[in-house]
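Taking it in order: structure first as structure tokens, then the write-up.
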Amino acid sequence: MALILGVESSCDETAAAMVRDGTAILSNVVLSQQVHALYGGVVPELASREHIRTVIPVMRRAIEDAAVERRDIEGVAVTVGPGLVGALVVGLSAARSFAWCLDIPLLPIHHIEGHLFAVKLAYPDEPFRFVALVVSGGHTELLDVEGEGRYRRLGQTRDDAAGEVFDKVAKMTDLPYPGGPEVDRVAARGDPRRHTFPKARLGKETCDFSFSGVKTAVRYRLRDDPSLASPGNLPDLLAGFQESVVGALVENSRRALRRTGRDTIAVCGGVAANSRLRAALASMAAEEGARFLVPPRRLCTDNGAMIASAGEYALRAGRIAPPDQGASAHLPLPFIG
Ligand code: KG4
Ligand code: ZN
């Protein structure tokens, strides 16, 4: 019966959660920083300052909401990378101090591994064995998940991450930050067939992605015809853009399923909140005769519960942070094979 506190501060969410046994969410507090809206994107220095202000109140709230005693907490899991290094060190320092005071293990978590554990939280009875499409603001990866701690990379983006292009296209069309959910909302009213965008040609065999082409294509079309950003036209433009990104994600996921022979596809990371992506992956999985695991939206975007769940595994595996544990902006996910 492991009771774990999870802390996440890799970007612009200050989050903490209490999870029991890796699957039961007792509390899940997520504070999304608003300050970045003024600048149309995350300002790293401001993110660190906001985390400093909010990390202790958010941790305290997670413990209070869970109605647990501090002395019953058995470990503190914290994201140590990848992410904004100034933001990461705030969560790490707070989590480390807490663990030190309670004399309990500090559990270092890779952010992508955290996203994978959102699948475990949502489907505690499913085997932790699937093809995973991890799509966030910083990452776009297809992984073969063979079990907890056992990941093999099948493909990744060669340039922008999927969430990054959603955010950049939103900015080009003057939609408010954060852009991804705005594009999702506006595109839902559009006709994706009015503007089509060519798919990146990376070869028939690869599960890699490239999204910089579609981003540039949107920029050029807007330059040639600024009226495409008018309220009447924007839904069609964004629906066409979204269809192109979703199409690439779904086709490579299909390829990854066929290549590995797995019978399950899971999606996680912030872009997994996208309505069109969720629907398109569900249809593809049905066509392939595969099961489709899709966590609820609040577990797809950054949160502390996924970090706590990964922490329960880290504790079981004996993966405990050394006293000089650091944070890293670029942290490779440990792979097998
Ligand atoms: O996983 P996440 O919360 O943070 C990172 O690890 O990056 O992902 C954030 C990304 C942002 O780029 C955001 O715009 C995108 O996920 N996102 C969405 C949607 N909700 C969040 N993109 C498209 N449609 C959405 N509904
Ligand atoms: Zn994330």
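The values are calculated or read from the model by the stated rules, or taken from the named source; none is laboratory data. Just so you know, these numbers come straight off a predicted model, no measurement behind them. Using ideal geometry, Cβ is built from the backbone for each residue, glycine included, and neighbour counts are taken over all protein chains shown. Areas reflect the complete protein model, heavy atoms only, side chains present, ligands, DNA and RNA absent. Shrake-Rupley method; radii C 1.70, N 1.55, O 1.52, S 1.80 Å.
Annotation for Q34 and Y220: the two label points, set 7 Å from Cα along the Cα-Cβ direction, are 4.1 nm apart. The residue list L315, L234, V80 was ranked by how far each Cα lies along the charge dipole of the chain toward its positive end, using unit charges on Cβ atoms, and L234 comes out on top.
Counting only Cβ charges, +1 for Lys and Arg and -1 for Asp and Glu, the dipole size of the stretch 12-151 around its Cα centre is about 400 debye. Less than 5 angstrom separates the built amide H of L293 from those of I265, A266, V267, all sequence-distant by 5 or more or on a different chain. Over all projection directions, the Cα-based convex hull of the stretch 47-100 averages an area of 3.8 nm².
Excluding A47 itself, what net charge comes from residues whose Cβ is under 10 Å from its Cβ, given Lys and Arg +1 and Asp and Glu -1?
It works out to a net charge of -3.
Modelled label positions at E287 and S93, each set 7 Å beyond Cα in the direction of Cβ, lie 5.1 nm from each other. Evaluated with a Cβ-only charge set (Lys, Arg +1; Asp, Glu -1), the stretch 267-337 carries a dipole of roughly 200 debye about its Cα centre, given to the nearest 20.
Of the accessible area of the stretch 126-192, computed with a 1.4 Å probe over protein heavy atoms only, carbon and sulfur atoms account for 45 percent. Amide H to amide H, with H built 1.01 Å from N, L107 comes under 5 Å of V76, A77, V78, A321, counting only residues 5 or more places away or on other chains.
Build a GNM of the chain with springs between Cα atoms under 10 Å: which of P322, P82, P192 gets the top mean-square fluctuation? Per the Cα network of the chain with a 10 Å cutoff, P322 tops the list.
Computed over the alpha carbons of the stretch 129-297, Rg followed by Dmax gives 15.7, 50 Å. Take every Cα pair under 8 Å whose residues are at least 6 apart in sequence, average their separation, divide by the length of the chain, and the relative contact order is 26 percent.
3J(HN,Hα) along the stretch 318-335, derived from phi through the Karplus expression 6.51 cos²θ - 1.76 cosθ + 1.60 where θ = phi - 60°, amounts to x, 8, 10, 5, x, x, 9, 3, x, 10, 9, 5, 10, 10, x, 6, x, 10 Hz, with x in place of Gly and Pro.
Measuring spread by the Cα atoms of the chain yields a radius of gyration and Dmax of 19.8, 63 Å.
Taking the dipole about the Cα centre of the stretch 149-236, with the C-beta of Lys and Arg at +1 and of Asp and Glu at -1, give me whichever of G203, A161, A217 is farthest to the positive side. Positive-end residue among those listed: G203. For the chain, the solvent-accessible area with a 1.4 angstrom probe is 43 square angstrom per residue. Between the alpha-carbon centres of the stretch 55-129 and the stretch 258-321 there is a gap of 18 Å.
Only helical DSSP H runs with n ≥ 4 go in: add -39500 (n - 2.57) per run for the chain, normalise by residue count and round the 222 nm mean residue ellipticity to 500 deg cm²/dmol.
Rounded to the nearest 500, the figure is -14000 deg cm²/dmol.
If you look for lysine pairs in the chain that are eight or more places apart or on different chains, how many of them have Cα atoms under 20 Å apart? Taking the Cα cut-off of 20 Å, the pair count is 4.
In loop segments of the stretch 32-77 as defined by DSSP, the GluC sites (Glu not before Pro) with at most 12 further C-beta atoms inside 10 Å of their C-beta are E69.
The charge dipole of the chain, taken about its Cα centre with unit charges on the Cβ of Lys, Arg, Asp and Glu (plus for the first two, minus for the last two), comes to roughly 680 debye. By its C-alpha gyration tensor, with a ≥ b ≥ c as the square roots of the eigenvalues, how is the stretch 220-310 shaped: rounded for a/c under 1.5, else prolate for a/b larger than b/c, else oblate? Oblate is the answer for the stretch 220-310, as a/c is 1.5 or above yet b/c matches or exceeds a/b. Membrane-span-like helices of the chain, defined as complete DSSP H segments with a Cα extent of 27 Å or more along the helix axis and a mean Kyte hydropathy of at least -0.5, are identified as 44-66, 234-260.
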